[in-house]
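Every number here is computed from the coordinates shown, using simple stated rules; none is lab data. Here the structure is a predicted model, which is why all the values come from computation and not from measurement. For neighbour counting, all protein chains shown are included, and Cβ atoms are generated from backbone atoms with ideal geometry for every residue, glycine included.
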Amino acid sequence: MKLLVATDGSEPAMKAVKKGLEMAEKEGAQVTVISVAYYAKSDFDEMPPGIQERLESQATDALKKAKALFDEKGIKVDLVLEAGVVPANNIIRRANEGKFDWIIMGSTGISGIERVLMGSTASKVVANAPCSVSIIR
């Protein structure tokens with residue numbers, strides 16, 4: 001079974017990572033963890049300097065946190081860092097291209113400007129995913 005686990009480093013997202021790890025341990029699932037840095041450069045030229053770098057750093061940190069959990073158990077995990085205006089689109093595209101069997105993600109992620117601009121990433125993924133989706137609370 002191929003699992004795609006989406007994380008932004010938030011508490012619900014890290015619960016999803018732990019669920020992916022559990023499935024890798026118990027069922028031998030092949031896990032890929034994806035984090036999507038919100039891409040703001042061309043759309044929000046008037047945002048404070050350094051905001052894009054901060055968003056990319058958050059996504060990278062989320063992947064590092066996820067990898068650390070897998071490393072503790074000695075389980076292989078693939079990591080994917082992407083950037084996009086609508087992270088749900090990146091997750092759905094990756095699930096299609098990688099022929100994943102399941103997507104696991106948290107019910108809510110980082111709040112603030114991302115939530116206002118994008119709406120619910122989880123609901124968009126559930127509505128458009130090419131495979132089963134589990135939303136972890």
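Values for this structure:
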quantity	calculated
GluC sites (Glu not before Pro) within region 45-97: DSSP coil, no more than 12 neighbouring Cβ in 10 Å	Glu46
R0 of 30 Å, Cβ-Cβ distance Ile51-Ser107: FRET efficiency to nearest 0.05	0.70
Where labels lie 7 Å past Cα in the beta-carbon direction, separation of Asp78 and Lys18 in nm	2.6
Restraint check, Lys15/Lys64; Lys73/Lys99; Lys26/Lys124; Lys67/Lys124, Cα-Cα greater than 24 Å	Lys73/Lys99; Lys26/Lys124; Lys67/Lys124
Computed label-point distance, nm, for sites Leu69 and Ile135 using a 7 Å Cα→Cβ extension	1.9
